[in-house]
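Note sheet for the following structure.
The values are calculated or read from the model by the stated rules, or taken from the named source; none is laboratory data. Predicted model, so just to flag it, every value in this text is computed and none were measured. All Cβ positions, even for glycine, are placed from backbone atoms using ideal geometry, and neighbour counts span all protein chains on display. Only protein heavy atoms, including side chains, enter the accessible area calculation; ligands, DNA and RNA are left aside. Shrake-Rupley method; radii C 1.70, N 1.55, O 1.52, S 1.80 Å.
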Amino acid sequence: MNNKIYCSTGTIVGRANGFNYKLFTENHKNIEADGFELMMVHAYYPVLSSLIGEIERSGAKVEVVHAEKDIGGLLTEKDTDIIKKAFSDFEVNCRVAETLGAEKMVFHLWSAPHSDKYFEKNLSYLPYLLEIAKKHGVELLIENVPCITSDPLTHLLQIEEKYPDVRFIFDTRFGAFHEQTDKFLESKWIECGKIAHMHFSDYIGPAHDFSSLRPIPHLGCGLVGFDKIMPIIAEKYHGTITLESPEINENASGIDKINADLLYIRNNTRK
């Protein structure tokens, strides 16, 4: 399959460099990707106009927006004002995607601090989130985020039962965390298009250890087993893949390592 290979802005922009998005806009032409996934964070809300303007002027192709990860966590709260904020923030994220021409929105339906402890409550809000995303011309994709009371595959099956048109993201690191990689790859979802996007990064283990989710190693430096995964993806998957393994510093000097990961993906997930 001729899968498109994207790179997350989070591979070079993060807390360690003050979420300096100019490191992306000024260096994206050196990154050998078919497009980019914009990682939305709290720090961007006060500077959204500048962020969008910089991206548009740079010519970077943002194909996917990763919604701010904390929105799912806000939806678990009891305070109605906090829940309203979650919807408001989500709409801002969708507006950013629409403005930049991104058609896919990565979303953590559950997230810290409660993870999936209140999954049913979060699931009850999904129709409203889908409506907001549709209004902005964005497809909302649910990711297999780590769980503390159940597991991602169980929850995605619950979502499929209630909302059969909703599509998902498979993240290799989270798959390894829950030891569910084989189940995802063996499922009909890969070849039927239910998995509409993928995130590639490695995981050092052991399974179910939240303290091991970071640091995130480069591909082939952990337990994911990409040599086993990639032939299956090349054979069965037709979609998009984003590299998430980071190389964050003050001057974007790790792009060679990022490009090596992108080349590894490109050479092994396309037929």
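Details
- Residue-level accessible surface for Arg270, protein heavy atoms, 1.4 Å, Å²: 70 Å²
- The order of Asp70, Asp227 by accessible area, most exposed first and with a 1.4 Å probe, is Asp227, Asp70.
- Cα gyration tensor shape for region 73-227, rounded if a/c is under 1.5, else prolate or oblate: prolate
- For the chain, the share of DSSP beta bridges that are antiparallel, to the nearest 5, is 5%.
- When the residues Lys29, Lys257 are ordered by accessible surface, computed with a 1.4 Å probe over the protein chains alone, the sequence from largest down reads Lys29, Lys257.
- Here region 16-117 has an Rg and Dmax of 14.5, 45 Å, counting Cα atoms alone.
- All other residues whose Cβ lies under 11 angstrom from that of Thr269 are scored, Lys and Arg at +1 and Asp and Glu at -1, for a net of +4.
- Antiparallel DSSP beta bridges within region 154-268, percent to nearest 5: 0 percent
- FRET efficiency for His208 and Lys236, using Cβ-Cβ distance with R0 set to 30 Å, rounded to 0.05: 0.65
- Whole-percent carbon and sulfur share, accessible surface of region 39-178, 1.4 Å: 52 percent
- Among Gly220, Gly53, Gly14: highest mean-square fluctuation, GNM of the chain, C-alpha pairs under 10 Å: Gly53
- Share antiparallel - DSSP beta bridges, region 1-156, percent rounded to 5: 5 percent
- His136 accessible area, 1.4 Å probe, all protein chains in place, Å² to nearest 10: 20 Å²
- A Cβ-based charge dipole, computed about the Cα centre of the chain with Lys and Arg at +1 and Asp and Glu at -1, lands at about 280 debye.
- Surface exposure of region 87-221, expressed per residue as accessible area with a 1.4 Å probe, stands at 41 Å².
- For the chain, calculated [θ]222 nm from helices alone, where every DSSP H run of n ≥ 4 adds -39500 (n - 2.57): -11500 deg cm²/dmol
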